[in-house]
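The values are calculated or read from the model by the stated rules, or taken from the named source; none is laboratory data. Please read these numbers as outputs of a predicted model, since none were measured by experiment. Positions of Cβ are backbone-derived with ideal geometry, glycine not excepted, and every protein chain shown enters the neighbour counts.
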């Protein structure tokens, strides 16, 4: 329950009704010129999740694993500010020079410049470390929102889940980006979507899965049904995505019409099938 007696779901609905149109109008401006792969749909969900977090706690702690140039960092920070919170977004990313463990200072400087240009530098702490190394700086039960978008290998995602689950302060919001990648899906299946998991009420947006973290609530039939729906959702992705990616990478001219057709199918039909498997994040 929130400080006002509302459930997390009820607060989310209020946040959506008040902010959805305004967020959609502002998102392009916030992210203009900021390099990265975060789509506008999931950006809107992150904004609202951060705003919900801010409404529930006046000084929330948000951890983002994987920042790159700050697209997700900016929308999360904007959500905190819009919610009236005085919390902090901890943007954890080693920004390492490939093949070394040295920080790429130019890349780090660009991230900070992007945050300042978006007027959110004051609520973001940039942490140029690997997430496993940064974990020791956070107490157990201190993080109110977690967004995992770092090392996408199975080992990397599994380590992030194992490291950071104990950092969460229930009830919290947890998001995992790029479920279209096999390593991410495997880690989610094995840990987050196991029976009687602390992660509840799975929903999706773009290529992100979101959960409520609440280990205190008793596991019920509704939780088990939602877990199976999430597993079915990931199974559909696993069946579709490898072939789709191979087809889209092909440069054979004779396949162009098939490539266009499968893009249309994914955009118009597959998303509806996925929405039947699992509710979309609001």
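General observations
- Those residues of region 71-89 which are touching a strand residue (DSSP E or B) at 6+ places or on another chain (Cβ under 7 Å) and surrounded by 24 or more Cβ atoms within 10 Å (Cβ to Cβ), in sequence order: 72, 73, 76, 77, 80, 89
- Residue ID - surrounded by the most Cβ atoms within 10 Å (Cβ to Cβ), chosen from residues in region 191-202 that are in contact with a strand residue (DSSP E or B) (Cβ under 9 Å, 6 or more places away or on another chain) and more than 16 Å from residue 164 (Cβ to Cβ): 202
- Criterion violated by residue 91 - all others in (1) under 20 Å from the mean Cα position of the chain (by Cα); (2) on the phi > 0 side of the Ramachandran plot satisfied: (2)
- Every pair of residues 6+ apart whose Cβ atoms lie under 6 Å, when the first sits in region 27-38 and is under 19 Å from residue 82 (Cα atoms) while the second is modelled with pLDDT of 90 or more and surrounded by 12 or more Cβ atoms within 10 Å (Cβ to Cβ): 27/43; 30/74; 30/118; 31/71
- For region 51-70, a residue qualifies if it is closer than 24 Å to residue 95 by Cα and buried (at least 23 other Cβ atoms within 10 Å of the Cβ), and the qualifying residues are 62, 63, 64, 65, 67, 70.
- Look at (1) surrounded by 19 or more Cβ atoms within 10 Å (Cβ to Cβ); (2) in contact with a helix residue (DSSP H, G or I) (Cβ under 7 Å, 6 or more places away or on another chain); (3) free of Cβ contacts under 8 Å to residues at least 60 places away in the same chain and you find that residue 111 fails only one, number (2).
- Any hit, region 106-118, residues being closer than 26 Å to residue 40 by Cα and part of a strand (DSSP E or B): no
- Complete set of residues in region 235-278 that are within 20 Å of residue 188 (Cα to Cα) and surrounded by 15 or more Cβ atoms within 10 Å (Cβ to Cβ): 236, 237, 238, 240, 241, 274, 277, 278
- Looking only at region 118-130, and only at residues there that are closer than 17 Å to residue 34 by Cβ and without any contact (Cβ under 8 Å) to a residue 40 or more places away in the chain, the one that is surrounded by the fewest Cβ atoms within 10 Å (Cβ to Cβ): 119
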